[in-house]
Structure formats: structure tokens, C-alpha cells
Amino acid sequence: MEQLGKAVSAVNHRADIIFTVGNGERCEWSIIVHGEPVAKGRARHSTKNGQVRTYTPEKTRSYEATIRDHAAIGWGRRLPLDGMSIDLVVDVYRSIPESWSTKRKIAAACGQIKPISKPDWDNCGKIASDALNGVVLRDDAMITAALVRKHYSAKPRIEITIRWQAEEDP
């Protein structure tokens, strides 16, 4: 594991990864995946030869895999966290609509206007927590507190941060 008090950053073309280990306090790990965020889509159902088939929409599967792949790179060879309380923070930055006036775009970029339309906040958090399963977290059931915020930005992305107690550090 990295030296206490140091922050290590690995960067590639689509994600920024930051791992910070506190001095006997809280540990924090973050990933930023650039590009337009995708919320968790509902499971779909279809029938084929009289059999009901349930599947996840392709857009959801693809985006979840993108987060998972970047998380795996950033987490490295560490075992997934297990048996501890996890705090999750998800910040979703959506594109500012092109159709808006310049005044409204500036207000959105400054945080004066927040996205109050779809996707729902819980679906944004769900895709983040599901993507970390088996890679960073043994199971997202370990998440005991979560905060999901939606913003507008000229640089769309999703920022995912997990925090845990250092003495629980694997």
C-alpha cells in the first residue's frame, strides 16, 4: 500500500484516479470518468420462444463496464475492501444544453442552476456502486452512507469517491 499521507494519481485518457491514505484517520479513493454520465437503466424484459428473458440495457452495461475497467486500473492488485463501513460520494456533471442562452449557460456552469430533470439521482448512484462491486468493494451492501449530487459542467464526467477508516484498511 502507498505510504501514509501520500496521494498517488494514475491518469489515462478517460479517467483520473486518486488514492489517498490518511494518517491513522480516514482513507479515501476517487475515480473521475470523463464523458457524458449514464444512469443505471431499468432491467428490460422480452419473450423468446415463450420464455421470458431479463436483460440490462446495452448503454447501462457499457458504461458500468467503463467505470469498472478504470476502477480496476486505479485499484490495482489490491483485494476488494471487505468487512467495513464505506461512505460513497458520487458527483455527476452533465453537459450544459446547447440550446440554452449564454446567460443561462453561465449560470449553470457557476452552479446557480442544477439539473432537476432525469436521470434520477438514485440511478446515478446505483451505476457507480454496482461498477465497484468485486473490484474495489466486495459488495456494495457495505455502503452505509451515500451522497449523490448532480451538476452542470462544460466537461461532463462522473466523480466517485469512497471513504473508510484507516484502521480498517486491508
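The values are calculated or read from the model by the stated rules, or taken from the named source; none is laboratory data. Because the structure is a prediction, the values reported are computed rather than measured. In this analysis, Cβ positions are derived from the backbone assuming ideal geometry, glycine residues included, and neighbour counts consider all displayed protein chains. Just the protein is used for accessible areas: all its heavy atoms, side chains included, with ligands, DNA and RNA removed. Shrake-Rupley method; radii C 1.70, N 1.55, O 1.52, S 1.80 Å.
The combined condition, being farther than 30 Å from Q165 by Cβ, open to solvent by 60 Å² or more (accessible area, probe 1.4 Å), part of a strand (DSSP E or B) and at pLDDT below 90, is not fulfilled by R61.
Scanning region 147-170 for residues that are modelled with pLDDT of 90 or more, outside any strand (DSSP E or B) and of a type outside the set (K, R) yields A154, P156.
Would it be correct to say that E159 is farther than 17 Å from W29 by Cβ and acidic (D, E)? Spelling it out, it is not the case that E159 is farther than 17 Å from W29 by Cβ and acidic (D, E). Of all residue pairs spaced 6 or more apart or on separate chains, those with beta-carbon atoms under 8 Å, a first member in region 29-40 that is in contact (Cβ under 8 Å) with a residue 24 or more places away in the chain and a second member that is open to solvent by less than 20 Å² (accessible area, probe 1.4 Å) and assigned to a loop (DSSP other than H, G, I, E, B) are W29/V136. With respect to the conditions (1) open to solvent by less than 50 Å² (accessible area, probe 1.4 Å); (2) modelled with pLDDT of 75 or more, V21 falls short on a single one, namely (2). Identify all residues within region 49-91 that are among the hydrophobic types (A, V, I, L, M, F, W, C), under 14 Å from W29 (Cα atoms) and in contact with a Ser or Thr (Cβ under 9 Å, 6 or more places away or on another chain); write none if there are none. Hits for region 49-91 are I86, L88, V89, V90.
Taking the conditions exactly as written (touching a Leu at 6+ places or on another chain (Cβ under 6 Å) and not basic (K, R)), does V89 satisfy them or not? Yes, satisfied. Of all the numbered requirements in (1) in contact (Cβ under 8 Å) with a residue 24 or more places away in the chain; (2) surrounded by 17 or more Cβ atoms within 10 Å (Cβ to Cβ), K105 misses one, and that requirement is (1).
If the condition is being open to solvent by 50 Å² or more (accessible area, probe 1.4 Å), out of contact with any helix residue (DSSP H, G or I) (no Cβ under 6 Å at 6 or more places or on another chain) and not in a loop (DSSP other than H, G, I, E, B), then region 67-86 contributes D69, I73.
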